[in-house]
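Trainee: Following this message is one structure expressed as structure tokens.
Where a number appears in this text, it was derived from the coordinates with a stated rule and is not lab data. Treat the numbers as computed from the prediction; the structure is a model and nothing was measured. Here Cβ is always computed from backbone atoms with ideal geometry, including for glycine, and neighbour counts include all displayed protein chains.
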Amino acid sequence: MRAAFYEAQGAAADVMQVGNLPDPQPGPGEVRVKVSVAGLCPGDMKFRTGFAGEPLAFPRIVPHQDGAGIIDRVGEGVDPNRVGQRVWVYMAQSGQPFGAAAEYLTLPAERAVPLPDSVSFETGATLGVNAITAHRCLFADGDIRGLRLLIQGGAGGVGLAAILLAKWAGAWVAATVSRKAQADVVAKAGADLIIYRYEDDIVERISGATDGEGVDRIIDVDLATNSETDVNCLAANGVVVAYATENPSAELRLPFLRSMFQSHVFRFVFYYSIPKAAFEQAIRDVTTCAEIGAYRPEIAKIFPLKEIIAAHEAVETGDALGKVLVSI
Ligand SMILES: NC(=O)c1ccc[n+]([C@@H]2O[C@H](COP(=O)([O-])OP(=O)(O)OC[C@H]3O[C@@H](n4cnc5c(N)ncnc54)[C@H](OP(=O)(O)O)[C@@H]3O)[C@@H](O)[C@H]2O)c1
């Protein structure tokens, strides 16, 4: 099969190859998916470069956790009626070396989720890391219907997913952006208030929109940088949820007394340690949301497999607005 792979950590241009690998066969409890589209996330880049100091997990890695395609074989113990089923996949390269950037992918059957006929493979390939992380950030502390939310970094992969899911769930959503093109996609996703983070006074805008009370929840792409702003935007008993940093040695400073007096809650979310029940609920919700057309991800560009280096670079420069996908 054709596949993209790397055998050392480093820049995509230095380590990524496209070539032929043996077709994988599904083991007991596994399905084999003929992949149509793979979805790229910054985390895939971090695995490739060893962002947190972790070594290469396997001697050869076919990247990408997210994707969509059709089951073409099943292993022992898996319902043979699943052959031919359209699916989206999650954690395709978690705990195993070969992920979604290949013609064929084998993985535990439960990680291949039936994809409703109304949902394209492209949308299916965006439902893993982004939508499930966003879902956990939004719902870990209960229902959000009628609540006021601030999404810091609203035009990012997770940020946009959070806006789409929050609107689906009946919340009021403010989002920060850095430029007009981001404001446009955030508006399209349904944000109620758009704040330019370099030009506007975020605290003032939030205060003005919430009668001075602040928002109930903040989902933040960079809490280490935004902590003071967030605390000043947060209502009493509000929750800040953090899911990212670009600095592996980042440390968090908080205005302690203000948060204590307001009974603020700080939560951290990591895709790979979301509790099982919450993960399963997220799978159900994001699939439903996609099926009814409420989950409409912004697709930045679809690269052919042979241009996977350019696809990785498009994610890393941050220039791509929306999801970068690779067509297999
Ligand atoms: N915890 C988890 O399980 C988990 C899951 C998924 C992703 N992540 C991490 O989350 C991060 C974002 O992923 P993504 O796919 O959403 O990436 P993305 O599509 O590149 O989006 C990042 C967004 O954040 C904005 N941003 C950057 N710094 C900001 C700041 N200080 N305040 C407000 N907005 C800011 C960027 O805007 P500009 O263009 O203006 O910089 C961009 O729109 C990555 O570090 C990724 O590894 C973590």
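Trainee: Is the C-alpha gyration tensor of the range 129-176 telling us rounded, prolate or oblate? Criteria: a/c under 1.5 is rounded; beyond that, a/b larger than b/c is prolate, otherwise oblate. Present the calculation step by step, with values, prior to reporting the outcome.
Mentor: Values: a/c = 1.86, a/b = 1.20, b/c = 1.56.
It is oblate, given that a/c is not under 1.5 and a/b is not larger than b/c.
Trainee: Quick one: Debye curve from the alpha-carbon atoms of the range 70-150 only, equal weights, vacuum; give me log10 I(q)/I(0) at q = 0.11, 0.21 Å⁻¹ to two decimals.
Mentor: -0.39, -1.02
Trainee: I'd like the Kirkwood hydrodynamic radius of the chain, using the inverse of the mean 1/r over distinct C-alpha pairs, in Å. Don't jump to the answer; show the numbers that get you there.
Mentor: Details: mean 1/r = 0.0493 Å⁻¹.
Its Kirkwood hydrodynamic radius stands at 20.3 Å.
Trainee: Could you let me know the centre-to-centre spacing of the range 78-133 and the range 201-228, using Cα atoms, in angstrom?
Mentor: Centre-to-centre distance over Cα atoms comes out at 36 Å.
Trainee: In whole Å, how far is the Cα centre of the range 3-69 from that of the range 296-328?
Mentor: A separation of 15 Å, based on Cα centres.
Trainee: For the range 1-131, what is Rg from Cα atoms divided by 2.2 N^0.38 Å, rounded to two decimals? Numbers along the way, then the final one.
Mentor: Details: Rg = 14.2 Å, N = 131, 2.2 N^0.38 = 14.0 Å.
Rg over 2.2 N^0.38 Å, computed on Cα atoms: 1.01.
Trainee: Two decimals is fine: what is log10 I(q)/I(0) at q = 0.11, 0.16, 0.22 Å⁻¹ for the range 210-310, from a Debye sum with one equal scatterer on every Cα and no solvent?
Mentor: The computed values of log10 I(q)/I(0) come out as -0.53, -0.94, -1.13.
Trainee: Moving to a separate point now. Identify the GluC sites (Glu not before Pro) of the range 64-158 meeting these criteria: DSSP loop state and at most 15 other C-beta atoms within 10 Å of the C-beta. Mind showing how you got there, number by number?
Mentor: Values: sites: Glu76, Glu103, Glu110, Glu122; in loops: Glu76, Glu103.
Sites meeting the loop and neighbour criteria: Glu76.
Trainee: If the cut-off is a Cα-Cα distance under 19 Å, which lysines reach Lys46, setting aside same-chain residues fewer than 8 apart in sequence?
Mentor: Filter leaves Lys323.
Trainee: Name the residue, out of Leu160, Leu40, Leu21, whose mean-square fluctuation peaks in a Gaussian network model built on the chain with Cα pairs under 10 Å.
Mentor: Leu21
Trainee: Further question on the same structure: What ratio of Cα Rg to 2.2 N^0.38 Å holds for the range 130-272?
Mentor: Working: Rg = 13.6 Å, N = 143, 2.2 N^0.38 = 14.5 Å.
Taking the Cα Rg and dividing by 2.2 N^0.38 Å, one obtains 0.94.
Trainee: List the trypsin sites (Lys or Arg not before Pro) within the range 61-160 that fall in a DSSP loop (any state other than H, G, I, E or B) and whose Cβ has at most 15 other Cβ atoms within 10 Å. Spell out each step's value before the answer.
Mentor: Details: sites: Arg73, Arg82, Arg86, Arg111, Arg136, Arg145, Arg148; in loops: Arg145.
Of the trypsin sites (Lys or Arg not before Pro), the ones in loops of the range 61-160 whose Cβ has at most 15 other Cβ atoms within 10 Å are Arg145.
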